[in-house]
Amino acid sequence: MALILDHVTYEYGRGTELLVRALNDVNLVIPDGQFIGLIGHTGSGKSTLVQHLNGLLAPTSGHIYYNGEDIHDKDFSRRRLRSKVGLVFQYPEHQLFETDVFTDVCFGPRNLGLDRKETELRAYEALKQVGLPDDCFYQPPFDLSGGQKRRVAIAGVLAMKPEVLVLDEPTAGLDPRGRDEILGLVASIREEQNITVILVSHSMDDVAEYVDRVVVMNKGSVCFDDTPKRVFAHREELETMGLSVPQVTDIMHALKKAGWDVGTDAITIEEAKEEILRRLK
Amino acid sequence: MIRDITLGQYYQTDSVVHRLDPRVKLIATLLFICSLFVVNQAAGYVVAVVFLALAIRLSHVPFRFMVRGMRAILFLLVLTFGFNLFLTPGEAVFQVWKLTVTREGITMAVKMAVRLSLLIIGSSVMTLTTTPNNLTDGLERLLKPLQKLRVPVHEIAMMMSIALRFIPILLEETDKIMKAQTARGASFDEGNLLQRAKSMVPLLVPLFISAFRRANDLAMAMEARCYRGGDGRTKMKPLHYEKRDYLTYVVLLAYFAVCIVIGRIMPWGRIF
């Protein structure tokens, strides 16, 4: 049971002079329950890639399989797929439209054809999950703060009970506190429901702490696909792609350069602390 | 999806027509349209077609782009053709069911269709060879005398260029919101008319909100840079006429004179 991308290539603007190859022969296997960080510079194709995962875009060539079925087969229900692969877009709060928060979150499950009771139950659960205070439920979504709006939008996708949750830059435009809250929220949702999570980001610090696996995109191709530790060992290559390693990893490198005998593979603050303490003993 | 729609009429290439001053092109289009109504006989339309063909040739824009504009008015074209064909009174030629086709009807229908097509293609030559910004600049300059009558010419031109600038932005936004709602299980092309209209709500509400937000931001940014309307404002690239522009005016006047002469000396009413 997994999502498989098989030689996926996607081109924008076919048949015109402005042809852009946004994805170039991408092969990925996304097993159940994994927490994946998808990283790449602006224009590396990561947003295009995630839009393939729920069939919003169809590959120019190649195939995508969900649980063994080609999602672009004629008799495959893409609407069903969209409830299984939940996609939270960049700035998802821009898609809110209902008169109150609760009705907006009901939109997704209602589109799945669920009855009213089930719809409302799911909406309530989802809003609880994202930690929105009860007294906000019947407010117009436009009255909430930026971080709260984003939670509502995420709840709108969670209410469809996806098996794979894809978040496209969920922390863009948030202050550090809002950022930590959203990332913590994603991690806890993943823990509770044991679903697959794909976190798209260009911030290494965002992903280093949480994910099991890092996929790095560059110019439409996957160039690294490994555990965070192993990916972040390629510091120079990442830098030539306009990406960086987590700040603490940079610090460890600087310490080593300054003559300290420390390992440079720490990617979280906790690991860096341990390593430095070990050295000081 | 929606991004495939080409609304930006401008066709980027380098040609004499592209380099002409936008004012010349605006006036040329206006004169060309007038000329279509001055002449009324085959000879006149031949002159118009030759003139237009020459302009297209000089513009280096492939002809299929001109025809593309025709598609939008095809319905109108067929409608006028039909009405003129069947509803003009006169000498009957033949009859289909209850509809009588007259000699005058055929003449009128053909004439109207030719006029309309030439009109559309003529204006596409202008929009295909002039960037929207240039076009509004030219319009602003041409309408400047109206300022004496307290017509807010600069403001109108500014609104036009902002509106044009926002079209691609809003198209992209629409595409994004559509995708986001599709990801939440919405569909925009199912059900009867009422259901379809209703399914537009999740698209239109966020779109309007975003349009207002953008408008607000833009107004703020303009004010922050001390924009205060047209008074005393100078241009970074002021329009000024070159030799080729004067030459074009001469050619234009000659063309228009020929059209008037043809329209005057040849008998009215009949073509072909």
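Considering A:Arg82, A:Arg110, A:Arg122, A:Arg150, the condition of being within 14 Å of another protein chain (Cβ to nearest Cβ) and either acidic (Asp, Glu) or under 30 Å from A:Asn24 (Cβ atoms) (or both) is satisfied by A:Arg82 alone.
Scanning the range B:173-190 for residues that are more than 18 Å from A:Ala159 (Cα to Cα) and of a type outside the set (D, E, K, R), we see that the one that is nearest to the other protein chains (Cβ to nearest Cβ) is B:Ile177. Total residues in the range A:60-90 satisfying the condition of being buried (at least 21 other Cβ atoms within 10 Å of the Cβ) and in a loop (DSSP other than H, G, I, E, B): the figure is 2.
The number of residues in the range B:240-272 that are assigned to a loop (DSSP other than H, G, I, E, B), surrounded by 13 or more Cβ atoms within 10 Å (Cβ to Cβ) and modelled with pLDDT of 85 or more comes to 1.
Is at least one residue of the range A:230-241 within 18 Å of the chain's Cα centre (by Cα) and within 28 Å of A:Thr48 (Cα to Cα)? Yes; the residues of the range A:230-241 include at least one that is within 18 Å of the chain's Cα centre (by Cα) and within 28 Å of A:Thr48 (Cα to Cα). Residue count for the range A:228-276 under the criterion of being in contact with a Leu (Cβ under 7 Å, 6 or more places away or on another chain) and loosely packed, with under 14 Cβ neighbours inside 10 Å: the result is 0.
When the range A:29-59 is filtered for residues that are assigned to a loop (DSSP other than H, G, I, E, B) and within 14 Å of chain B (Cβ to nearest Cβ), the ones remaining, listed by number, are A:Asn54, A:Gly55, A:Leu56, A:Leu57, A:Ala58. Hey, any hits in the range A:91-101 for a residue that's of a type outside the set (D, E, K, R), crowded, with 20+ Cβ neighbours inside 10 Å and assigned to a loop (DSSP other than H, G, I, E, B)? Yes, that holds for at least one residue. Counting only helices (runs of 4 or more DSSP H) that fall entirely inside the range B:119-232 and contain at least 1 residues that are surrounded by 19 or more Cβ atoms within 10 Å (Cβ to Cβ) and at pLDDT 90 or above, the qualifying elements are B:132-143, B:153-183, B:201-224.
The values are calculated or read from the model by the stated rules, or taken from the named source; none is laboratory data. Note that the structure is a prediction, hence the values are computed from the model and not measured. Cβ sites come from the backbone with ideal geometry, for glycine too, and all protein chains shown count toward neighbours.
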